[in-house]
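Notes for the one structure printed next.
The values are calculated or read from the model by the stated rules, or taken from the named source; none is laboratory data. Note that this is a predicted model, so its numbers are computed, not measured. When we count neighbours, we look across all protein chains shown, and the Cβ atoms used for this are built from the backbone with ideal geometry, even at glycine.
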Amino acid sequence: ELKVEQNPLFLSMQEGKNYTIYCNYSTTSDRLYWYRQDPGKSLESLFVLLSNGAVKQEGRLMASLDTKARLSTLHITAAVHDLSATYFCAVGYGGSQGNLIFGKGTKLSVKP
Amino acid sequence: EAGVAQSPRYKIIEKRQSVAFWCNPISGHATLYWYQQILGQGPKLLIQFQNNGVVDDSQLPKDRFSAERLKGVDSTLKIQPAKLEDSAVYLCASSLVPGVRHEKLFFGSGTQLSVL
């Protein structure tokens, strides 16, 4: 059974600081996603990672994937308040597009 | 481009009542998904449609949940009768190209259901 664990589940940061969110998964997968969710809003796709060593960056966020370690990281550089949200990783399984196991999410709060 | 539309935004019912949720995906998107997100957890796939056919409903509690996408466009998800543990946010998502496993999913804002 595929399990996805994120840590930390809660993260309070100061503006300007760097931090990393970790996503571990238990069995082989061919795709890993990172999503952002603001309170009361829909999930927004940030990154999809498909291969070992894949790295993607958008603004202050950078995601990477190590399929051998079954680990993905979401690194936040010089955090700003606008990054406050809940971040989910999701790992694909099976042949169906929607077959995703989500982590519990990391609630990020960036304080001035 | 209009996003995935869902209604109602909130619903409060008593246990054993029935409830229905509606979703209109992004125009032209062939694949539609319903997810259940319980507070403090990530979303869980309930059912996936491709056009008006069911691709995967293995995690749908079929004794009480049903879903349809009759014309291959909008979809409804029904719960009858509701239980306390059905309290959750029900998310609808859609994607454009069927059969591409890493295709991007677009999510709606969800319907928050409270069962009392």
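Of B:G28, B:G53, B:G40, which residue is small (G, A, S) and at pLDDT below 90? Show your work before the answer.
Working: B:G28 fails: at pLDDT below 90; B:G53 fails: at pLDDT below 90.
Criteria check complete, one pass: B:G40.
Given the condition aromatic (F, W, Y) and either within 25 Å of A:G92 (Cα to Cα) or outside any strand (DSSP E or B) (or both), answer yes or no: does some residue in region B:10-26 qualify?
Narrowing region B:10-26 to residues aromatic (F, W, Y): B:10, B:21-22.
Subset that is either within 25 Å of A:G92 (Cα to Cα) or outside any strand (DSSP E or B) (or both): none.
Within region B:10-26 (the criterion being aromatic (F, W, Y) and either within 25 Å of A:G92 (Cα to Cα) or outside any strand (DSSP E or B) (or both)), the answer is no, since none of the residues qualifies.
Could you tell me which of the residues B:L96, B:L91 is of a type in the set (A, V, I, L, M), within 14 Å of another protein chain (Cβ to nearest Cβ), over 13 Å from the mean Cα position of the chain (by Cα) and closer than 22 Å to A:F102 by Cβ? Please lay out each step first, then the result.
Working: B:L91 fails: over 13 Å from the mean Cα position of the chain (by Cα).
Just one listed residue meets the conditions, B:L96.
Which residue is nearest to B:R69 (Cα to Cα), if the candidates are limited to region B:35-58 and must be in contact with a Ser or Thr (Cβ under 7 Å, 6 or more places away or on another chain) and touching a residue at least 12 places away in the same chain (Cβ under 8 Å)? Reasoning before the result, please.
Let us first name the residues in region B:35-58 that are in contact with a Ser or Thr (Cβ under 7 Å, 6 or more places away or on another chain), namely B:48-50, B:55-56.
Filter once more, keeping what is touching a residue at least 12 places away in the same chain (Cβ under 8 Å): B:48-50, B:55.
On the way: B:Q48: 10, B:F49: 7, B:Q50: 9, B:V55: 12 Å.
That would be B:F49.
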Go through the residues of region A:74-89 one by one and say whether even a single one is within 14 Å of A:V48 (Cα to Cα), modelled with pLDDT of 95 or more and more than 10 Å from chain B (Cβ to nearest Cβ).
yes
Considering only residues that are within 11 Å of the chain's Cα centre (by Cα) and assigned to a loop (DSSP other than H, G, I, E, B), look in region B:38-68 and name the one that is nearest to the other protein chains (Cβ to nearest Cβ).
B:P43
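So which residues in region A:27-61 are part of a strand (DSSP E or B) and over 14 Å from A:F88 (Cα atoms)? I'd like the intermediate steps shown before the answer.
Filtering region A:27-61 down to residues part of a strand (DSSP E or B) leaves A:32-37, A:43-49, A:55-58, A:61.
A:V55, A:K56, A:Q57, A:E58, listed by residue number.
Being over 16 Å from B:V100 (Cβ atoms) and out of contact with any Ser or Thr (no Cβ under 7 Å at 6 or more places or on another chain) is the filter here; which residues of region A:24-39 pass it?
Kept after step one, since they are over 16 Å from B:V100 (Cβ atoms), are these residues of region A:24-39: A:24-28, A:34-39.
If the condition is that a residue be over 16 Å from B:V100 (Cβ atoms) and out of contact with any Ser or Thr (no Cβ under 7 Å at 6 or more places or on another chain), then A:N24, A:Y25, A:S26, A:T27, A:T28, A:W34, A:R36, A:D38, A:P39 are the ones that fit.
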Take A:N24 and tell me if it is in contact (Cβ under 8 Å) with a residue 12 or more places away in the chain, of a type outside the set (K, R) and part of a strand (DSSP E or B).
yes
Would you say B:T31 is within 11 Å of chain A (Cβ to nearest Cβ), over 28 Å from A:K107 (Cα atoms) and either touching a residue at least 12 places away in the same chain (Cβ under 8 Å) or surrounded by fewer than 21 Cβ atoms within 10 Å (Cβ to Cβ) (or both)?
yes
